[in-house]
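As structure tokens, the structure follows; a few thoughts come after it.
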Amino acid sequence: MTEQQPFEIERSFDDFELRRYPEHVLVQVTVDGDFLRAGNLGFRPLISYISGRNAQALRIPMTAPVTQEPLGDHSHTVSFVLPDGTDPSTVPVPTDAAVATVTVPAGRVAARRFGGGWTDARFEQNGEMLLAAVEGAGLVPEGNLYFARYDPPWKPGFLKHNEALVRVRE
């Protein structure tokens, strides 16, 4: 079974959960393309990195979710979360210049779960609903919306677990 990124639920609302994530390490790449194309383009260099295409030739277990942050109409950052407890000082250096590792500090995140296939409209709609619910709850979003995919592409859409997420001011 694939390890999932840990978090604690601070509070449940009707339309979202307020979570606390511990510090974690991402391996990421920024690519150009529409939402679905960018997800596919970003996946390849990241899977190569965790498969051993890094300075230490170290294989790293796949975890869930894979996240994607739209940076504009045609640019997206796609990230893999490295396994829980990964020491940022020991993360292998990428050999692909497009791949970067980033340490994300612990923090609060609002998350809206939804199912179904991967379409930009489905992610955008749930992102808008999340932002409205967060602001309606009196919380202040920080940074960009991003999206999480928990399942492989071959899993039927009606069984998929997806999320819209945004960091929330402490």
Self-check item: the chain - percent relative contact order, Cα under 8 Å, separation 6 or more
Solution: 27 percent
Practice problem: Pull out a ≥ b ≥ c, the square roots of the eigenvalues of the alpha-carbon gyration tensor of region 36-135, then state rounded if a/c is under 1.5, prolate if not and a/b is larger than b/c, and oblate in the remaining case. | Solution: prolate
Quiz item: Can you give the angle from 0 to 90° between the axis of helix 35-50 and the longest principal axis of the chain, with both taken from C-alpha atoms, to the nearest 10?
Solution: 40 degrees
Quiz item: How large is ³J(HN,Hα), in whole Hz, for each residue of region 89-106 in order, when computed from phi with the Karplus curve 6.51 cos²θ - 1.76 cosθ + 1.60 and θ = phi - 60°, using x for Gly and Pro?
Solution: 6, 10, 5, x, 6, x, 9, 8, 4, 7, 8, 10, 10, 9, 8, 9, x, 4
Quiz item: Given a 1.4 Å probe and the protein chains all in place, what does the accessible area of Glu10 round to, in Å² to the nearest 10?
Solution: 90 Å²
Quiz item: Given C-alpha coordinates of the chain, what is the ratio Rg to Rh with the Kirkwood estimate of Rh?
Solution: 0.95
Self-check item: Theoretical ellipticity at 222 nm over the chain - DSSP helices of four or more residues, -39500 (n - 2.57) apiece, nearest 500
Solution: -6500 deg cm²/dmol
Self-check item: C-alpha long axis of helix 120-136 to longest principal axis of the chain, angle in °
Solution: 50 degrees
Exercise. Can you bin region 61-101 into rounded, prolate or oblate? Criterion: square roots of the alpha carbon gyration tensor eigenvalues sorted a ≥ b ≥ c, rounded for a/c under 1.5, prolate for a/b above b/c, oblate for the rest.
Key: oblate
Practice problem: For region 16-32, take each phi angle, set θ = phi - 60°, evaluate the Karplus expression 6.51 cos²θ - 1.76 cosθ + 1.60, and give the result in whole Hz per residue in order, putting x for glycine and proline. | Solution: 6, 10, 9, 10, 10, 9, x, 3, 8, 10, 10, 10, 8, 9, 9, 10, 9
Exercise. Let me know the shape class of region 77-170, please: from the alpha-carbon gyration tensor, a ≥ b ≥ c as square roots of the eigenvalues, rounded when a/c is under 1.5, otherwise prolate if a/b is greater than b/c, or oblate.
Key: oblate
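The values are calculated or read from the model by the stated rules, or taken from the named source; none is laboratory data. Bear in mind that the values here come from a model prediction, so they are computed numbers and not experimental data. Each accessible area value is taken on the protein alone, full model and side chains, heavy atoms only, with ligands, DNA and RNA left out. Shrake-Rupley method; radii C 1.70, N 1.55, O 1.52, S 1.80 Å.
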